[in-house]
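Some notes on the structure that comes next.
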Amino acid sequence: MRNMIRGIALTLFVMFTLTGCETDNKTQLTDGVWTFQNLTTDSEDETIIGLVTLAKALLTDATMEFQEGGTYIMTSPLVEDPTTGEWQLIGEDQLILDPDDELPSTANIESLTKDKLSYMETFVDAEMNSYTITTTWTRD
């Protein structure tokens with residue numbers, strides 16, 4: 001009887017401890033402002049590499065804020081107007097960004113913690129080769 005009570009107490013303790021520590025991805029995304037860290041590609045196409053390098057330069061010191069209402073604001077000191085749009089989380093690992101006046105994109109979240117967000121998008125080039133672009137943001 002004593003062992004059974006200890007077992008139940010241990011089970012309840014573990015359940016409450018694990019539940020208290022869980023944070024869903026939506027909360028992780030909206031809990032502060034993200035700062036651009038890096039942009040990489042696995043493409044070997046020189047044009048794509050050049051475009052990624054340009055985009056990386058334009059995003060230097062950029063910030064991204066995912067707002068709870070489903071909108072986002074991305075600002076960069078090198079771009080006059082901020083990029084705004086809507087975001088949506090599908091399941092726990094797909095992030096849809098739908099910028100105003102542009103086509104939406106779907107990314108697979110590779111890492112999402114309180115201080116790091118990394119997501120990967122897959123594209124197809126003119127020769128029908130697929131390649132990925134990975135974007136990384138950090139938060140203090």
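Amide H to amide H under 5 Å from Y72: which residues, 5+ apart in sequence or cross-chain, H placed 1.01 Å off N in plane?
Q67, G85, E86, W87
Short version: ³J(HN,Hα) in whole Hz for each residue of the range 96-108, in order, from phi by Karplus 6.51 cos²θ - 1.76 cosθ + 1.60 (θ = phi - 60°), x for Gly and Pro, what are they?
9, 10, 10, x, 4, 6, 9, 6, x, 10, 10, 10, 9
Which whole-Hz ³J(HN,Hα) couplings does the range 68-73 yield from phi under the Karplus relation 6.51 cos²θ - 1.76 cosθ + 1.60, θ = phi - 60°, glycine and proline marked x?
Result, rounded to whole Hz: 4, x, x, 10, 9, 10.
In the neighborhood of A107, defined by Cβ-to-Cβ distances under 11 Å, what is the net charge if each Lys or Arg adds +1 and each Asp or Glu adds -1?
-3
Could you work out the relative contact order of the range 87-128, using alpha carbon pairs under 8 angstrom and six or more residues apart, expressed as a whole percent?
Normalised by residue count, the contact order of the range 87-128 is 25 percent.
Ordered by residue, what ³J(HN,Hα) values in Hz, to whole numbers, does the range 77-88 give under the Karplus form 6.51 cos²θ - 1.76 cosθ + 1.60, where θ = phi - 60° and Gly and Pro are x?
With the stated coefficients, the range 77-88 comes to x, 9, 10, 4, 9, x, 8, 10, x, 10, 10, 8 Hz.
Every number here is computed from the coordinates shown, using simple stated rules; none is lab data. This one's a predicted model, so the numbers in the text were calculated from it and none came from an experiment. Please note: Cβ atoms are built from the backbone with ideal geometry, for glycine as well, and neighbour counts cover all protein chains shown.
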